[in-house]
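The values are calculated or read from the model by the stated rules, or taken from the named source; none is laboratory data. Treat the numbers as computed from the prediction; the structure is a model and nothing was measured. Cβ coordinates were reconstructed from backbone atoms using ideal geometry, including for glycine residues, and neighbour counts include every protein chain displayed. The area values use the complete protein model at the heavy-atom level, side chains included, leaving out ligands, DNA and RNA. Shrake-Rupley method; radii C 1.70, N 1.55, O 1.52, S 1.80 Å.
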Amino acid sequence: MVWGWPVAWYLFLGGMGAGAMLAGLAAPLVGKQYAVVERAGAAVAGPAVAVGTGLLVFDLGIGRHEPWRIAYLYLNGSSPMTWGTWILTLFVPVALLYALSVTESLPSRWERVLTPLHRVVARARQVLRVTAGVLAVSTAIYTGVLLSMPPTFPLLNNWLLPALFLASALSTGLSVAVLVALVLEHRRGVQLGLHPWSRIHIGLLVGEIAVLLAWLGVSAGAPVGAESVQMLVTGALAPVFWLGVVAFGLVGPAIAFVAETAPGGHSCRLALTGEAGVLVGGLALRYLVLAAAVPILARPPL
Amino acid sequence: MSTATVAPVRHRYALVVDTTRCIGCEACSVACRAENNVPEGHWRSRIVAYPLGKSGQTRPVKWACMHCADAPCVTVCPTKATYQRPDGIVVIDADRCVGCKYCVFACPYGARYVDEERGIPDKCDLCHERIDAGLQPACVQTCVGRAISLADLADPNDEAAARINSGEAKPLHPELGTKPSVYYVMGR
């Protein structure tokens with residue numbers, strides 16, 4: 001593995017942060033009472049992507065010790081990593097400003113500093129909303145493009161990978177936004193009705209399962225790609241795949257959300273368990289994408 | 001008063017490896033290590049057992065950077081630390097590299113390793129400093145069977161280039177679409 005756990009965590013956090021932003025942006029469309037989901041998604045997005053970006057810097061070789069070299073990362077317009085550098089550089093501050101623009105109460109310790117800034121960003125909320133949305137979609141997709149571009153790993157070298165990353169980002173982002181919203185509302189003693197979110201999430205999970213199946217099918221049909229699929233489905237990585245991705249991340253949450261939305265069933269605990277499972281599955285998926293990538297030619301002992 | 005101007009000499013370098021002359025002694029691998037101060041535990045170039053030709057028989061094959069004309073490592077390098085010289089040699093400018101390892105990830109030939117101590121990837125650079133000084137790459141110079149030759153595709157009289165142009169020497173895995181510049185005489 002050229003890239004290991006720090007990059008897997010970044011892929012997870014970057015996707016989750018981008019998805020949280022999109023879930024937050026969708027909240028006003030789902031219902032007026034869900035402004036708290038909008039605030040929660042916006043609040044998670046910037047910090048999650050920032051922590052992920054920190055992990056990327058940590059994973060650099062010489063760039064970690066000589067950080068001024070990072071400036072060179074902005075320069076090759078043909079490299080998806082340069083695109084990503086620009087996207088992350090813009091997304092984190094835009095997400096933070098947007099979060100500030102929708103916040104209800106400023107932390108008292110920072111009030112004096114933030115109040116004037118809050119006044120400015122609140123006026124630019126609409127512009128920030130659109131910008132944050134475009135950057136969130138870019139953040140969710142570019143990593144898939146980055147991994148799929150070289151011809152080196154048949155498992156990754158197809159357009160379904162960016163689609164899978166987008167699906168996973170939407171699902172994990174929605175989960176974290178709902179979880180944080182529940183915590184915020186619980187503090188205020190408000191019971192947040194989750195039915196519409198669970199219904200949306202069922203749709204997202206069905207979509208993700210379809211993309212996952214298509215991706216595995218396309219990969220299994222490619223030379224060497226079949227080896228990767230075998231590793232995932234019956235080989236060394238199968239426990240993580242079936243337990244982490246399928247059980248915790250897809251099927252388990254789908255059952256929990258169906259039960260939650262069933263007539264008479266409004267168990268917050270069921271929804272919570274589902275959301276937590278989605279996050280575990282999201283991390284497992286990002287790790288497996290890196291771990292199961294078998295190179296098209298056997299690596300020489302260099 | 002006239003100033004003597006030297007017309008720029010254009011070159012297009014490639015490597016021809018005649019596997020029918022290779023005895024697998026690894027003298028090229030060792031000469032490469034010595035010439036390029038390759039760190040302990042790594043190699044820029046190695047002999048690997050590889051199935052070749054119509055028979056698919058395993059033979060010793062010199063394996064290193066293929067100096068692809070359409071190199072994934074050049075395309076993906078975000079800092080342009082990896083770039084292709086006008087003469088076709090793919091080189092790394094260590095002063096620009098951040099050590100992101102995208103090039104290592106992208107190379108389908110697996111021709112790069114990470115020098116952990118420097119935090120920078122490394123690979124064969126065709127001994128370009130020797131070539132610029134009018135010398136042969138260390139592997140070419142050392143090979144006991146004269147199995148390795150530096151070809152200049154821009155030189156119509158170059159014998160090694162003729163073996164490429166005639167189709168006698170072929171690249172490995174052209175189907176990957178990277179247009180490699182290392183050509184192999186595969187024999188039967």
Query raised in the report: Where does each of A:Y142, B:Y83 land when they are ordered by accessible area, with a 1.4 Å probe and the largest first?
Result: B:Y83, A:Y142
Report task. Return the aspartates and glutamates within reach of B:K179: Cα separation strictly under 17 angstrom, same-chain partners fewer than 8 residues apart disregarded; answer none if there are no such residues. Result -> B:D70, B:D87, B:D125, B:D152, B:E168
Query raised in the report: At a probe size of 1.4 Å, how large is the accessible area of A:F248, to the nearest 10 Å²?
Result: 100 Å²
Query - Shielding by partners - mean other protein chain Cβ count within 10 Å, residues of B:68-75 - result: 2
Report summary line: Restricted to chain B, the DSSP antiparallel beta bridge percent, nearest 5, is 85 percent
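In debye, nearest 20: dipole of the protein assembly as shown around its Cα centre with unit charges on the Cβ of K, R (+) and D, E (-)? Kindly include the intermediate steps, with their values, before the conclusion.
Working: 38 positive and 31 negative charges, 161 e Å.
Charge dipole, the protein assembly as shown, about its Cα centre: 780 debye, nearest 20.
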Requested in this report: For the protein assembly as shown, give the share of DSSP beta bridges that are antiparallel, in percent and rounded to the nearest 5; count only bridges with both residues there.
Outcome: 85 percent
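List, in the order given, every pair from B:K62/B:K170; B:K80/B:K123; B:K101/B:K123 whose Cα-Cα distance in the structure shown is over 21 Å.
Details: B:K62/B:K170 14 Å; B:K80/B:K123 16 Å; B:K101/B:K123 12 Å.
Where the Cα-Cα span goes over 21 Å, no listed pair is concerned, since all stay within it.
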Query raised in the report: Picking from B:Y109, B:V90, B:I120, whose Cα lies most toward the positive end of the charge dipole for the range B:76-132 (charges on Cβ: Lys, Arg +1; Asp, Glu -1)?
Result: B:Y109
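Counting pairs of alpha carbon atoms under 8 Å apart in space and at least six apart in sequence, what relative contact order in percent does chain B give? Present the calculation step by step, with values, prior to reporting the outcome.
Details: 343 pairs, mean separation 60.4, N = 188.
After rounding, I find 32 percent.
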Query raised in the report: What does the accessible area per residue of the protein assembly as shown come to in Å², with a 1.4 Å probe and no ligands, DNA or RNA counted?
Result: 45 Å²
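Pop out the carbon and sulfur fraction of the accessible area of chain B as a percent, whole number, probe 1.4 Å. The partial results should precede the final answer.
Numbers: 4580 of 9050 Å².
The C+S portion of the solvent-accessible surface of chain B is 51 percent.
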Query raised in the report: How big is the gap, in Å, between the Cα center of the range A:169-185 and the Cα center of the range A:79-120?
Result: 19 Å
Report summary line: Singleton cysteines, the protein assembly as shown, no second Cys beta-carbon under 4.7 Å -> A:C268, B:C22, B:C25, B:C32, B:C68, B:C77, B:C97, B:C100, B:C107, B:C127, B:C143
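Got the relative contact order for chain A handy, in percent, Cα pairs under 8 Å and 6 or more residues apart? Show your work: numbers first, answer last.
Details: 455 pairs, mean separation 70.1, N = 302.
That works out to 23 percent.
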Report task. Using a Gaussian network model of chain B whose springs link C-alpha atoms within less than 10 Å, name the residue from B:A64, B:A14, B:A162 with the highest mean-square fluctuation. Result -> B:A162
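Please give the average number of partner chain Cβ atoms lying within 10 Å of the Cβ of each residue in A:54-64, rounded to a whole number. It would help to have the intermediate numbers written out before the result.
On the way: counts 0, 0, 1, 2, 0, 3, 6, 13, 10, 7, 3.
The mean count of partner-chain Cβ atoms within 10 Å per residue comes to 4.
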Query raised in the report: How much solvent-accessible surface does A:W5 expose, in Å² to the nearest 10, with a 1.4 Å probe and all protein chains in place?
Result: 120 Å²
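As a test of reading the structure, rank A:H195, B:H42 by solvent-accessible area (1.4 Å probe, protein chains only), most first.
Details: A:H195 50, B:H42 30 Å².
Accessible-area ranking of A:H195, B:H42, largest first: A:H195, B:H42.
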Query raised in the report: To the nearest 100 Å², how much accessible surface do chains A and B cover up together, summed over both, with a 1.4 Å probe?
Result: 3000 Å²
